[in-house]
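The values are calculated or read from the model by the stated rules, or taken from the named source; none is laboratory data. These numbers come from a predicted model, not from an experiment. Using ideal geometry, Cβ is built from the backbone for each residue, glycine included, and neighbour counts are taken over all protein chains shown.
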Amino acid sequence: MVGNILILGRRLYPFIMGPERKPIDLLLIHLAFENTIIICTKGSRDVSTILYLGNILGTTGCKVVIYMGRVARGLSICTTCLLSVVQAITISPQTSPCRKLQPRSAWQVLPYLLLFWVFNALVSSNLPLYITTVQSSNSSALRPYVKYCDMLPSGQIIKWLFLMLMAVRDIVFQGLMGWSSVYMAFRLCQHRKRVLHLHTSRLPGNASPETRAARSILMLMACFLFFYWADFLFSFYRGSFISSNHTIYNIKIFLTFGYASFSPLVLLSRDVRVAKC
């Protein structure tokens, strides 16, 4: 939460008060906002479980919290992908056809973010219909979702339809994210080689802006992929082989919080002004 609040403070003030509203600022503000939603929705369920507060959420609370958490997770994938693509277009050569797609202001990025909200809201639209509470029905016939919230069984067609939509979304956006990150690293390394003749670029311990940008891109990409695939594997393992194992469940909680917690710290650590401070 501290990292995301710092990102919001670092980017929101110049975005509102500054003369020029950059697309990168809007994307980072949106990413920090999504991370905050993930932490709050997941945290509200786990805190009630750990402190034995009972189901303080109720049926409506379960539906809203779980639904918003799933939507925010999808938005995190889409926003991180758009962030990588916009940066790749920005550093592409002037003669590249991709430069025509470069957003000149934050308002040109806003329609994509609104489209992401609508798309992810539809992809997760089945959850409110099947999420219920343990107290409101026979819990033995349900599949536990969290301790105080259960999921009603759904038809096979509905189940596989939404699973396929989620899978296609993740594959497409992660593919774009990977391609844009590799492209950026390649272009920045090429540029680095061209300026090696400069005396300042040879100074030991004096990383160039290009090198810092490449490291930031690769670190953010590696952070996202690690937590995403680790969370996926643990979820599959827990759902397929283990019915109730607190160690696996606690590891999954950490992985669910992982990207939302560490991605702002990665961005802040690569920010020169913040790092010096």
*Could you grab the pairs with beta carbons closer than 8 Å, sequence gap of 6+ or different chains, first residue in region 92-119 and under 20 Å from LEU31 (Cα atoms) and exposed (fewer than 12 other Cβ atoms within 10 Å of the Cβ), second one among the basic types (Lys, Arg) and modelled with pLDDT under 80?*
TRP107/ARG21
*What's the number of the condition ASP25 fails, among (1) at pLDDT 80 or above; (2) buried (at least 18 other Cβ atoms within 10 Å of the Cβ); (3) within 15 Å of the chain's Cα centre (by Cα)?*
(3)
*Hey, does region 141-150 have a residue that's at pLDDT 75 or above and in contact with a Ser or Thr (Cβ under 9 Å, 6 or more places away or on another chain)?*
no
_Residues that are at pLDDT 80 or above and within 24 Å of PHE119 (Cα to Cα): does region 40-55 have at least one?_
yes
_Cβ pairs under 7 Å, 6+ apart, first in region 3-28 and at negative phi and touching a residue at least 40 places away in the same chain (Cβ under 8 Å), second of a type in the set (Lys, Arg) and in a helix (DSSP H, G or I)_ = ASP25/ARG11; LEU28/ARG11
*Applying the selection to region 67-82, what residues are of a type outside the set (Val, Ile, Thr) and touching a residue at least 60 places away in the same chain (Cβ under 8 Å)?*
TYR67, GLY74, SER76, CYS78, CYS81
*Please verify whether region 235-243 includes one or more residues that are surrounded by 15 or more Cβ atoms within 10 Å (Cβ to Cβ) and either modelled with pLDDT of 80 or more or closer than 20 Å to ILE37 by Cβ (or both).*
no
*Identify, from the list ILE77, ILE89, the residue that is part of a helix (DSSP H, G or I), in contact with a Phe, Trp or Tyr (Cβ under 6 Å, 6 or more places away or on another chain), modelled with pLDDT of 80 or more and of a type outside the set (Ser, Thr, Tyr).*
ILE77
